[in-house]
Each structure stands twice: as structure tokens, then as C-alpha cells.
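For reference, the structure discussed in these notes is given below.
The values are calculated or read from the model by the stated rules, or taken from the named source; none is laboratory data. Keep in mind it's a predicted model, so treat the numbers as computed, not measured. Every residue, glycine as well, gets a Cβ built from its backbone with ideal geometry; the counts of neighbours run over all protein chains shown.
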Amino acid sequence: MDRFRYLPGVVTLQIDVRRCDGCRMCVIVCPHAVFCMQDKKARILDADACMECGACAKNCPSGAITVRSGVGCATAMLIETLHRGSCCGG
Ligand code: SF4
Ligand code: SF4
């Protein structure tokens, strides 16, 4: 299945690696594989894949992640729908 992608370079997702305790929760909950682990710290692997759903920030026990959730996912779905010319993906 194709993955939705947001507009390139505008995502509000940020991580403060100094606060990361390496629990991997963000890697687990992110539905778009935005994060990876490197040297026991989470890193942003693919920021433009982020739909700004907010799950990572809500589940990060260290408060290391910030993202302005709300409109990103809806915007991405509208863009994808317009590109496909159908609301049913066909
Ligand atoms: S959820 Fe937070 S503390 Fe855990 S790995 Fe991700 S950024 Fe680090
Ligand atoms: S906001 Fe959602 S899509 Fe974006 S990195 Fe966090 S969990 Fe993944």
C-alpha cells in the first residue's frame, strides 16, 4: 500500500536528543517509520513521512519530541486524493 506523504520540508516534528532515554517508544508507535535508533537515541530518519498525528510526542516519557499535531494528516490525505483524482484511491 502506498504511504501518504506530507508536503516536503514543512513538518513541525522536532526531537531533543539530549532528553531521549532510548526507550524506543516513538519507533514503536509511529505508523510511518519516521524514527530510527542510533547510539541508543532516537533520530528522525524520514521527517517528510510524518503526518503530524502526535502519537510519538504523546507517548514519549521524556518529553523529547514536539510536533504540532492536527492539520497535517488531513492535508496529506487531501493532497493524495487530489493527485489520485478519486476519494476511493482508484
Ligand atoms: S519515545 Fe522519547 S525517550 Fe523514547 S526513544 Fe523516542 S524520543 Fe527517546
Ligand atoms: S507525529 Fe505521528 S507520523 Fe509523525 S513522527 Fe510522530 S508518530 Fe510518526
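Specify the residue that is farthest from Ile65 (Cα to Cα); the eligible residues are those in segment 19-44 that are away from ligand 2 (no atom under 14 Å from the Cβ) and free of Cβ contacts under 8 Å to residues at least 12 places away in the same chain.
Only one residue tops the list, namely Asp39.
With the chain as the region, which helices (runs of 4 or more DSSP H) entirely inside it contain at least 2 residues that are modelled with pLDDT of 95 or more and either of a type in the set (Val, Ile, Thr) or touching a Phe, Trp or Tyr at 6+ places or on another chain (Cβ under 9 Å) (or both)?
Because the criterion is at least 2 residues that are modelled with pLDDT of 95 or more and either of a type in the set (Val, Ile, Thr) or touching a Phe, Trp or Tyr at 6+ places or on another chain (Cβ under 9 Å) (or both), the helices (runs of 4 or more DSSP H) in the chain that meet it are 25-29.
Return yes when Ile65 is within 13 Å of ligand 2 (Cβ to nearest atom), under 20 Å from Arg5 (Cβ atoms) and over 10 Å from the mean Cα position of the chain (by Cα) and no when it is not.
Judged against the criteria, Ile65 is a match.
Are there any pairs, at least 6 apart or on different chains, whose C-beta atoms fall under 8 Å, with the first in segment 54-65 and on the phi > 0 side of the Ramachandran plot and the second more than 9 Å from ligand 1 (Cβ to nearest atom) and hydrophobic (A, V, I, L, M, F, W, C), and if so, which?
Pairs found: Gly54/Val67.
I need the full set of residues from segment 1-44 which are hydrophobic (A, V, I, L, M, F, W, C), within 20 Å of Pro61 (Cα to Cα) and surrounded by fewer than 17 Cβ atoms within 10 Å (Cβ to Cβ), in order please.
Val17, Cys23, Val27, Ile28, Val29, Ala33, Cys36, Met37
Which numbered condition in (1) within 14 Å of ligand 2 (Cβ to nearest atom); (2) more than 14 Å from Val67 (Cα to Cα) is the only one that Asp48 fails?
(2)
Return the residues of segment 31-55 that are under 8 Å from the mean Cα position of the chain (by Cα) and farther than 19 Å from Gly9 by Cβ; say none if nothing qualifies.
Within segment 31-55, Pro31, Gly54 qualify.
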